[in-house]
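Enquirer: Here it is: the structure, laid out below.
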Amino acid sequence: MAIKISPVDMDARKKMDLKAGDTVRVFQKIEEKGKTRLQAFEGLVLARKHGREAGATFTVRRVSSGVGVEKIFPLYSPMIDRIEVVKRARVRRAKLYYIRDKAAREARRQLRKTSIIGTSTADIEKADAAEEEGVPADFSKETEAEKEHIVEEMTAPTDDKEEKPAEGGSASGGKESEAVEAGAEVKKG
C-alpha cells in the first residue's frame, strides 16, 4: 500500500506531454463562499520550466478583451483539476516569449490603420485641443463623402516628376498648367 501525499495524480501529470506551442485548457478550482467551482483558462503555452520535478511550471497566455493575460501554473498544483490539450502546433523554439512583442506590434498596426482612415490631421489636432480642455472630441459629424475624400487624398498616387509652371508664367498663358491639372498630356514644342 502506497502512501499518498498529494491529492494530484502525480504520475498522470508527469506523463503529460505539455510543450510550448500547445493550446491548453486549464481547469482551476476557485473557492467562493465555501463552495468550489471550476474556472477554465484557455491559451497558448509559452514556456515549460523545470522539467518534471516537483517545482515544474508552465506559462499560458491568452488575449482577453484585447489585453494579453498570462498565468504561470505549477504543474502539480492541487488547485488544478485537469489540463486538456486543445491543439498542438509545431514550433521551433522552446520558449515563445516573442509572441508578446508580436501581439503588441499587431495591435499597434491595427491602431495605426484605423486612425489613418478614420480621421484627418485637422481632426486629430481638434481632438488634442479638446482633450486639453477636458471635452471629449466627436468625429461622428463628418459625412461619408468627407471621409471618402480624405481616403482618396491619402491614397492618390503622387507624381513628383511633372513640372507645373507658375500661373501665367508660360508663353501659352497658363493653359499648360490647366491641362496638367485636368489630367491631359501636354506636348511642349
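None of the figures in this text is laboratory data; all of them are computed from the coordinates on show. A quick note: this is a predicted structure, and the numbers were derived from the prediction, not measured. Here Cβ is always computed from backbone atoms with ideal geometry, including for glycine, and neighbour counts include all displayed protein chains.
Enquirer: Based on the Cβ-Cβ distance from Lys35 to Tyr97, what FRET efficiency comes out when R0 is 45 Å, to the nearest 0.05?
Expert: 0.75
Enquirer: Local charge sum around Lys113 (other residues, Cβ-Cβ under 13 Å, Lys/Arg +1, Asp/Glu -1)?
Expert: Net charge in that neighbourhood comes out at +3.
Enquirer: Give me the Debye-computed log₁₀ of I(q)/I(0) at q = 0.14 Å⁻¹ for the stretch 10-99, equal point scatterers on Cα only, no solvent, two decimals.
Expert: The computed values of log10 I(q)/I(0) come out as -0.50.
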